[in-house]
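Student: Have a look at this one.
The values are calculated or read from the model by the stated rules, or taken from the named source; none is laboratory data. Just so it is clear, the structure is predicted and the values come from calculations on it, not from any experiment. For neighbour counting, all protein chains shown are included, and Cβ atoms are generated from backbone atoms with ideal geometry for every residue, glycine included. Surface areas here come from the heavy atoms of the whole protein model, side chains and all, with no ligands, DNA or RNA. Shrake-Rupley method; radii C 1.70, N 1.55, O 1.52, S 1.80 Å.
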Amino acid sequence: MEQRSIVFLTGAGISAESGINTFRSAGGLWETYSIDEVCTPEAFRRNRKFVLEFYNKRRAELHDKLPNPAHRMIAALEKDYGSRIINITQNIDDLFEKAGCSAVMHLHGELTKARCEFCGHTWHIGYKAIYGDEQCPDCGNHKTRHHVVMFHEEAPLYWLLYATIDRLFATESMLVVIGTSGQVLPVELFARAAPVSILNNLDPEPAIDDRVFTHVFYEKAGVASARIDTLCREYLEL
Ligand code: NAD
């Protein structure tokens, strides 16, 4: 029989206590910037410099941010249970990596990587700014961009997300959703397919019917993480 596994699906809320604003919170980024100006392919075509600068600022802000107990809880589970822990995130920050996670599926890209617009190669740039003319280490061309999926762009890893969800929910697995409003991904649908599920957000969300979840915690992820950890370990040890 296949061993039980856990799929974590996280969003901006898990990094909020580390000092990274969620998009939709009061004081969040979209109160300062309009999506149409900085987060669409049209905006990037119109004003490449402005969009690159926006992501340069977000990248620089990551430098001193530290993982919180929720990131560390997932890292500790991965350390103890290896590939039975599937870590899928919508986040583009590097807090899971800083917490010690080694296998993170970043559905929407990573701020700490650049991407070649010619060949699609991605490479690690840490917290450095990019200006769009850096040379691709793979094909040698000079057209570089942030490695972040913008609105209206395809997210290449979605097929892997859906394949993972299909495969795991055909077997015994638990879904743990932390810090996402469900406006981008249909987390409620995923929870309906999961035998056991946990939801942790600050407040109820219009896009998520929490009645489909087995356990619901409306509180900070850093606070809920101790109980989520216990539930995960109990589930994996059964
Ligand atoms: P969202 O902003 O739409 O929703 C955030 C959710 O987190 C809300 O439901 C809120 O209740 C919850 N939340 C806020 N603080 C929390 C806390 N301390 N503990 C637990 N939950 C908390 O975020 P989303 O659903 O991830 O969608 C926004 C998109 O923006 C994503 O696609 C993501 O890629 C991107 N984003 C990423 C980052 C990041 O990398 N840290 C930050 C902002 C936005």
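Student: Between ALA207 and GLU2, what is 0.36 nm times their sequence separation minus the Cα-Cα distance? Round to one decimal in nm.
Tutor: In short, 70.5 nm is gained.
Student: With 31 Å as the limit, write out which pairs from LYS143/LYS220; LYS57/LYS143; LYS79/LYS143; LYS49/LYS220 have Cα-Cα distances beyond it, or answer none.
Tutor: In this structure, LYS143/LYS220; LYS79/LYS143; LYS49/LYS220 lie more than 31 Å apart at Cα.
Student: Go ahead and set up a Gaussian network model of the chain, Cα springs under 10 Å, then flag whichever of ALA221, ALA129, ALA75 fluctuates most.
Tutor: Greatest mean-square fluctuation among the candidates belongs to ALA129.
Student: Read phi for every residue in the stretch 2-17 and hand back ³J(HN,Hα) as whole Hz from Karplus 6.51 cos²θ - 1.76 cosθ + 1.60, θ = phi - 60°, with x for Gly and Pro.
Tutor: After applying 6.51 cos²θ - 1.76 cosθ + 1.60, I find 5, 6, 5, 9, 10, 9, 8, 10, 10, x, 3, x, 5, 9, 4, 6 Hz.
Student: What are the residues whose amide H is under 5 Å from the amide H of VAL176, where those residues sit 5 or more places off or on another chain and H is modelled from the backbone?
Tutor: HN-HN under 5 Å from VAL176: VAL7, PHE8, LEU9, ILE198.
Student: With the crude spin-label approximation of a point 7 Å out along Cα→Cβ, what separation in nm comes out for THR122 versus ASP64?
Tutor: With each label placed 7 Å out from Cα toward Cβ, I get 2.8 nm.
Student: Here's another thing I want to ask about it. What base-10 log of the normalised intensity I(q)/I(0) is obtained for the chain from the Debye formula, alpha carbons as equal point scatterers, at q = 0.11 Å⁻¹?
Tutor: Result of the Debye calculation: -0.58.
Student: Let me ask you something else. Per the 1.4 Å probe, what fraction of the accessible area of the chain, in percent, lies on carbon and sulfur atoms?
Tutor: Answer for the chain: carbon and sulfur cover 53 percent of the accessible area.
Student: Right, another one. Could you give each residue of the stretch 118-131 its phi-based ³J(HN,Hα) in whole Hz, using Karplus coefficients 6.51, -1.76, 1.60 with θ = phi - 60°, and x for Gly or Pro?
Tutor: After applying 6.51 cos²θ - 1.76 cosθ + 1.60, I find 8, 10, x, 4, 10, 8, 6, 10, x, 9, 6, 6, 10, 10 Hz.
Student: For a quick check: with amide H placed at 1.01 Å from N, whose amide H comes under 5 Å from VAL216's, ignoring anything fewer than 5 positions away on the same chain?
Tutor: Hits under the 5 Å cutoff: LEU199.
Student: Can you work out the Karplus-derived ³J(HN,Hα) for every residue in the stretch 105-112? Use 6.51 cos²θ - 1.76 cosθ + 1.60 with θ = phi - 60°, whole Hz, and x for glycine or proline.
Tutor: Values, residue by residue: 8, 8, 4, 10, x, 9, 4, 7 Hz.
Student: Now a separate question. Please tell me the relative contact order of the stretch 48-175 in percent, rounded to the nearest whole number, where contacts are Cα pairs under 8 Å and at least six residues apart.
Tutor: Relative contact order of the stretch 48-175: 23 percent.
Student: Using Cα-Cα distances under 8 Å and only pairs 6 or more residues apart, what relative contact order does the chain have, in percent?
Tutor: Dividing the mean separation by the residue count of the chain yields 23 percent.
Student: Name the residue from ASN201, VAL104, TRP123 whose Cα lies farthest towards the positive end of the charge dipole of the chain, charges +1 on Cβ of Lys and Arg and -1 on Cβ of Asp and Glu.
Tutor: Of the candidates, TRP123 comes out farthest on the positive side.
Student: When the Kirkwood hydrodynamic radius is evaluated over all pairs of different C-alpha atoms of the stretch 93-202, what value in angstrom, to one decimal, is obtained?
Tutor: 16.2 Å
Student: How large is the charge dipole for the chain, taken about the Cα centre, if only the Cβ atoms of Lys, Arg (+1) and Asp, Glu (-1) carry charge, to the nearest 20 debye?
Tutor: Roughly 420 debye for the chain.
Student: Can you tell me the accessible area per residue over the chain, all protein chains present, probe 1.4 angstrom, in square angstrom?
Tutor: 49 Å²
Student: If you don't mind, there's one more thing I want to ask. What aspartates and glutamates sit close enough to LYS113 to cross-link, taking a C-alpha to C-alpha distance under 20 Å and skipping anything fewer than 8 places away on the same chain?
Tutor: Here the aspartates and glutamates satisfying the reach criterion relative to LYS113 are GLU53, GLU61, ASP64, ASP93, ASP94, GLU97, ASP133, GLU134, ASP138, GLU153, GLU154.
Student: At q = 0.16, 0.17, 0.20, 0.23 Å⁻¹, what is the base-10 log of I(q)/I(0) for the stretch 1-123 according to the Debye formula with one equal point scatterer per Cα and no solvent? Please give it to two decimals.
Tutor: Treating every Cα as an identical point scatterer, log10 I(q)/I(0) equals -0.86, -0.95, -1.19, -1.41.
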